[in-house]
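Written below as C-alpha cells is the structure these notes are about.
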C-alpha cells in the first residue's frame with residue numbers, strides 16, 4: 001500500500017529540518033508557528049492548518065505541488081463528458097482573459 005501523504009510530508013519536513021540543522025523550536029520561530037505545530041507536522045498529523053503548513057514549507061525551502069493522479073477515481077473524472085459550457089463560450093472567455101492581460105489573439 002502506498003504511504004499516506006501526511007507521513008510522506010512528515011518525513012520530508014523532518015529530513016529537511018535536520019539537514020538545515022534546525023531544532024523544531026528554531027523552525028517554529030522562523031516560520032511564525034508554534035513548536036507544537038512543527039511537531040504535529042513531523043508526526044504526520046492528518047489535520048493541520050494549510051497556511052501554517054505553507055509557512056513551514058516556505059521556511060525550509062520546500063513547496064507543495066499539485067499533480068493529476070493516475071488513480072481510478074481520477075481516471076473516472078477524466079472520462080466524464082465535458083462541462084455544460086458550450087465550446088464557443090469557453091473560447092470567448094479565453095479571448096476575454098487574453099485581452100485583459102494585454103495579449104494578442106490569433
Whichever residue in the stretch 1-45 is within 29 Å of residue 71 (Cα to Cα) and assigned to a loop (DSSP other than H, G, I, E, B) and, among such residues, is modelled with the lowest pLDDT: 1
Cβ-Cβ under 9 Å pairs, at least 6 apart or on other chains, the stretch 30-57 side farther than 12 Å from residue 10 by Cα, far side outside any helix (DSSP H, G or I) and modelled with pLDDT of 95 or more: 30/22; 35/23; 49/33; 52/32; 52/33; 52/34; 55/32; 55/33
Restricting the stretch 1-28 to residues that are surrounded by fewer than 15 Cβ atoms within 10 Å (Cβ to Cβ) and under 20 Å from the mean Cα position of the chain (by Cα), the residue that is farthest from residue 57 (Cα to Cα): 2
Boolean, residue 53 is in a loop (DSSP other than H, G, I, E, B) and either surrounded by 12 or more Cβ atoms within 10 Å (Cβ to Cβ) or at pLDDT 95 or above (or both): no
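The values are calculated or read from the model by the stated rules, or taken from the named source; none is laboratory data. Bear in mind the structure is a predicted one, so any value in this text is a computation, not a measurement. Don't worry about glycine lacking a Cβ; one is built from the backbone with ideal geometry, like all the others, and counts go over all protein chains shown.
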